[in-house]
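Here you go, one structure.
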Amino acid sequence: MGFKLFLLLEKFLIALPKKSRKTFFVFLGKLAYILSPKSRKIVRQNLNFAFNETLSETDIDEITRYSFKNLLLNFLHLMEIRHMRVEELQKKVTIQNIEAVQKVHKQGRAVIYITTHYSSWELGGAAISALIEPLGAVYKKMQNEEYEAWVLESRAHFGNINLEKSNVIKPLIKLLKNKTACGILIDTNINKREGLEVTFMGQSIRQTSTPAYLARKFDAAIIPVTMRTDDEENYTLMLFDEIVVEKTDDEAADILKATQAQADWLTSLIKAEPKFWFWLHRRWKNEHAHIYKR
C-alpha cells in the first residue's frame, strides 16, 4: 500500500513544473537536516577527521546542509530519469574530456568507469549510458524490494545493466571480455576481505581493488568519472585521463599502486570542492570506528 502511494506521489510530482518539483525536494532536504541530528553528527565527525579539524564552523554547517540537499536532489534525478528522453539529457549535460574514452575505444579496449557518491551521481550514471556507452553498473542490494526495483528501473532507463554486488566478478569479466564498459563505485565502506589498505584524505582505509585487478587482467582502462554543477540546472560530466595499471612481475604491487592512484584522484576531487561528496556515509567506520563514538 505504501509503495502504491509513493507511485501516486511520483505521478503527481512529474506532472508539476520542474521548478516546483525541485522546490519540493529542496524543502525535504531542509526538513531532513532539521530532523536528523544523528546524521548531522556523522557529517561533522567525517569532516573533522578528514580535514584534521581545520574547517570552520561555518564551513561544516554549509557542507552539512548541502549534503542533505544534494541527497534529495539525487532522489529527484532518479525520479526524473525514469521519464526523461535522451534529448532532454543532452541539453542538461556537457561532457568534458571525451577524448579519454575515445582513445581507449580506438585501442579496442573496454572501459572501467570508477565513480563516487559525488554531486549528481545518479544523473552521471544516466549520462554515461545515454551519451557515451551503456555499462554494467554494480549496486548493493536494498532491503525494500519494491523500492529497489524502482531504483534499478531508473538506472537502466538508458541501457545500463544492473549488477548486484554479492556475485559480481563473473558478470564483470564477461562484460570486459565482450569489450563492454562497467562502472564501479570506489567510495563505499568495505571489510578487510574486499579491499586493500590505501590512504584516502590523509587517513588509512580499505578500498576496493576490483577495478585495478580487472583492468590488469583483461587490459581494460580505468577512467575516473564524476558529475558536477554550478547551478543545479546545467551539469558537466567530468571524464579524467586513464589511471594506468602496470603489469610487472609483482601483481600485488601493481594492483595496490593503481588502487592508491584511484584514492588519490578522489582525494583531490573532494579537497577541491568538499561540499559535493556524500559526507552522510560512515566511510571510516571499519578502520577508525572511534571517530563515531565521540
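Output yes when any residue across region 34-43 is surrounded by 12 or more Cβ atoms within 10 Å (Cβ to Cβ), among the polar types (S, T, N, Q) and part of a helix (DSSP H, G or I), and no when none is.
Within region 34-43 (the criterion being surrounded by 12 or more Cβ atoms within 10 Å (Cβ to Cβ), among the polar types (S, T, N, Q) and part of a helix (DSSP H, G or I)), the answer is yes, since at least one residue qualifies.
Further question: Among what's in region 247-294 and is among the hydroxyl-bearing types (Ser, Thr, Tyr) and within 26 Å of TRP121 (Cα to Cα), pick the residue that is surrounded by the most Cβ atoms within 10 Å (Cβ to Cβ).
Only one residue tops the list, namely THR259.
Consider ALA212 against the criteria (1) surrounded by fewer than 17 Cβ atoms within 10 Å (Cβ to Cβ); (2) touching a Lys or Arg at 6+ places or on another chain (Cβ under 9 Å): it satisfies all of them except one. Which criterion is unmet?
Only one criterion is unmet by ALA212, namely (1).
This table checks each residue for (1) within 30 Å of LYS179 (Cβ to Cβ); (2) in contact with a strand residue (DSSP E or B) (Cβ under 6 Å, 6 or more places away or on another chain).
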{"residue": "ILE14", "(1), (2)": "no, no"}
{"residue": "SER20", "(1), (2)": "no, no"}
{"residue": "PHE25", "(1), (2)": "no, no"}
{"residue": "LYS38", "(1), (2)": "no, no"}
{"residue": "SER56", "(1), (2)": "no, no"}
{"residue": "GLU88", "(1), (2)": "yes, no"}
{"residue": "GLY108", "(1), (2)": "yes, no"}
{"residue": "TYR113", "(1), (2)": "yes, yes"}
{"residue": "SER119", "(1), (2)": "yes, yes"}
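I'd like to verify a number: residues in region 215-251 that are in contact (Cβ under 8 Å) with a residue 40 or more places away in the chain, under 29 Å from PRO274 (Cα atoms) and not in a helix (DSSP H, G or I), how many?
Going through region 215-251 one residue at a time, the tally reaches 21.
Quick one: how many residues across region 158-213 are free of Cβ contacts under 8 Å to residues at least 60 places away in the same chain, under 17 Å from the mean Cα position of the chain (by Cα) and not in a helix (DSSP H, G or I)?
8
Might you check whether a residue that is under 24 Å from ALA156 (Cα atoms) and in contact (Cβ under 8 Å) with a residue 12 or more places away in the chain occurs anywhere in region 277-292?
Looking for residues that are under 24 Å from ALA156 (Cα atoms) and in contact (Cβ under 8 Å) with a residue 12 or more places away in the chain, one finds at least one in region 277-292, hence yes.
None of the figures in this text is laboratory data; all of them are computed from the coordinates on show. Values in this document were obtained by computation on a predicted structure and should not be read as measured data. Cβ sites come from the backbone with ideal geometry, for glycine too, and all protein chains shown count toward neighbours.
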